[in-house]
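See structure below.
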Amino acid sequence: MSVSKKPAFVLSSAYLYRRSLKTNLRLAKEAGFENIELFLTRNILTLTLEEIKSAVDESGLNIVSIHLPIPFSYNENWPNLEASIPKALNWADVFDADWIVSHPLVVMADADDLLHKQIKARYFRILSVAMDMGAAEKLLIENMPNLGAKRPIRNLFTYPDEFFNTVKESGFGMTFDTTHWGSFSPDLVSAYRHFSPLIRNIHISDFLNGTEHIVPGEGELDLDTFLAELNTSDYSGQLTLELDFTTRGRNVGRNEDGILQDLIRCREWIEEAFW
């Protein structure tokens, strides 16, 4: 009898967005995690690759995916988007990571069609470096949240069809983020079925009244049914818990003990669903 593959369960280092890497890794280890998605936040990017590798080696955890920094995080260690792809691929080799996750660019809300097309072309021109390096299969594009009509910026894609078709044509895979999709619709199962041919990594967290990346069970998304769908469909990619305990308005007010208990509870919830 064949045995169905199960997802690789991962914790994103975004859960302590503004705290040190060593604190992040220590709590992840104490909570019983083995695998980490290294989200290159501002604090982490103050460290050199050698310093990061030393901290990771000391923790005994595995870096299985790398999340590219968002623009305000760039510094002298990671200067710009153009440098991101070759640098991230080098880091992926160092850590033997499977995936590199990229946030699509955004455009100004008042941008005309020509500027929109130019920015989209720039984004895929930058990503194409992965193809030139023979590593296109490592690059995953993440779906973005509903930014709202009153925001000064808008998404690079119209969801869901344009995103699906463009990513499919690009040859890259997808990271499906549940809280980002929740800002459009609570129907995660239909979205997953739509995007599933592209999905290699799933960022899982809850969503409530415009607040993203909150602890599962504290929002409005039916994540239990979503996990059941993953089980039924034999999803075997990465399943990445992506919380945020340190950004204003998101899970704020929890101390280390509270964060640790939340991480343990989420790990046990995921493990119970699959194992």
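Values in this text are rule-based calculations from the coordinates and carry no lab data. The structure presented is a predicted model; accordingly, all values stated were derived computationally and were not measured. Here the Cβ positions follow ideal geometry from the backbone for every residue, glycine too, while neighbour counts run over all protein chains shown.
Taking a Cβ cut-off of under 10 Å around A97, the surrounding Lys, Arg, Asp and Glu residues balance to a net charge of -3, with basic ones at +1 and acidic ones at -1. Remark: T158, T46 ranked as T158, T46, counting other beta-carbon atoms within 10 Å and listing the fewest first. Per-residue Cβ neighbour counts within 10 Å put S54, S205 in the sequence S54, S205, beginning with the fewest. Amide H contacts for N35 (H built 1.01 Å from N in the peptide plane; partners 5 or more residues away or on another chain; cut-off under 5 Å): L11, N62. Length gained on full extension, N62 to N75, computed as 0.36 nm times the residue gap minus the Cα-Cα distance: 2.2 nm.
Per-residue ellipticity at 222 nm computed for the chain from its helices equals -12000 deg cm²/dmol, with DSSP H segments shorter than 4 residues left out and the rest contributing -39,500 (n - 2.57). Do any of K53/K87; K5/K168; K29/K87; K117/K150; K120/K168 go past 19 Å between their Cα atoms, and which? Violating the 19 Å limit, Cα to Cα: K5/K168; K29/K87; K117/K150.
Within the listed set A97, A88, A149, the residue fluctuating most in the Gaussian network model of the chain (springs between alpha-carbon atoms under 10 angstrom) is A149. Phi-derived couplings, Karplus 6.51 cos²θ - 1.76 cosθ + 1.60 at θ = phi - 60°, listed residue by residue for the range 58-67: 5, 6, x, 8, 9, 8, 10, 7, 10, 9 Hz, with x used for Gly and Pro. Could you tell me whether the range 203-275 comes out rounded, prolate or oblate from its Cα gyration tensor? Rule is a ≥ b ≥ c as square roots of the eigenvalues, rounded for a/c under 1.5, then prolate if a/b exceeds b/c, otherwise oblate. It comes out prolate by the Cα gyration axes. Beyond 27 Å, the tail of the calculated P(r) for the range 8-274 holds 35 percent of the Cα pairs. By other beta-carbon atoms within 10 Å, ranking V101, V215, V106 with the fewest at the front produces V106, V215, V101. As an exercise, use a Förster radius of 35 Å and the Cβ-Cβ distance of D222 and Q118 to find the FRET efficiency, rounded to the nearest 0.05. With a Förster radius of 35 Å, E is 0.35.
Of all DSSP bridge pairs formed entirely within the range 117-275, close to 15 percent run antiparallel. Rounded to the nearest 5, the antiparallel percentage of DSSP beta bridges internal to the chain is 20%.
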